[in-house]
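Report on one structure; see the data block that follows.
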């Protein structure tokens, strides 16, 4: 592993341990050349995934890009990072376990929207507004109306409902 500070190739692993969800291994490394310390993560990759863009171009799947998109949608929202990481791991597992290594961007977008709908309504609307290219206020009203008309997951008539902001 190349040192991010000096570029040295001979870094040493000082500590390895699984992450909390056991989906990856966290490794603390040190560079003997400059003394720099850094952390790397090792994850299982079942297959090389290729994303097929709307224009037909194929690019390698980038987990970091998915993570960044979710971070933008979840900005200033109080969602635990562990829940976000579990969602990302779930999406990647679903993509890797499907038969084809070529994944259309639409499939990734739909999986993200499903996950965000269960995670945070505001982040879901934010992501949907970009993904579906909202142009007018009525586009937002339609998706908020869709959220309000859905019953709460796992709720029953005796359980208190989560309050929703009134539609404007």
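No lab work stands behind these numbers, since they all come straight from the coordinates. None of the values given here were measured: they were computed from a predicted structure. Backbone-built Cβ (ideal geometry, glycine too); neighbour counts: all protein chains shown.
Mind checking which of 85, 42, 110 has the largest fluctuation in a GNM of the chain, springs on alpha carbons under 10 Å?
Largest GNM mean-square fluctuation: 42.
Note the full-extension length gain between residue 10 and residue 136 as 0.36 nm times their separation in residues minus their Cα-Cα distance, in nm to one decimal.
Numbers: separation 126, 0.36 × 126 = 45.36 nm, distance 5.47 nm.
Fully extending the segment from residue 10 to residue 136 adds 39.9 nm.
In the chain, what % of DSSP beta bridges are antiparallel (nearest 5)?
Numbers: 16 of 19 bridges.
Here the antiparallel bridges make up roughly 85 percent for the chain.
Contact order normalised by length for the chain, with contacts defined as Cα pairs under 8 Å and 6 or more residues apart; what percent is it? Before the final figure, lay out the partial values.
Working: 168 pairs, mean separation 22.9, N = 168.
Taking the mean separation of contacting Cα pairs over the length of the chain, I get 14 percent.
With the cut-off at 1.5 for a/c, could you classify the stretch 103-142 from its C-alpha gyration tensor as rounded, prolate or oblate? Don't skip to the answer; put the middle values down first.
On the way: a/c = 3.03, a/b = 1.31, b/c = 2.32.
Cα axes put the stretch 103-142 in the oblate bin.
For each of 41, 134, count neighbouring Cβ atoms within 10 Å of the residue's Cβ, then give the residues from fewest to most. It would help to have the intermediate numbers written out before the result.
Numbers: 41 10, 134 15.
With the sparsest Cβ surroundings first, the list reads 41, 134.
Tell me, what is a quarter of the convex hull surface for the C-alpha atoms of the chain, in nm² with one decimal?
Working: hull surface 55.3 nm².
In nm², the orientation-averaged hull projection of the chain is 13.8.
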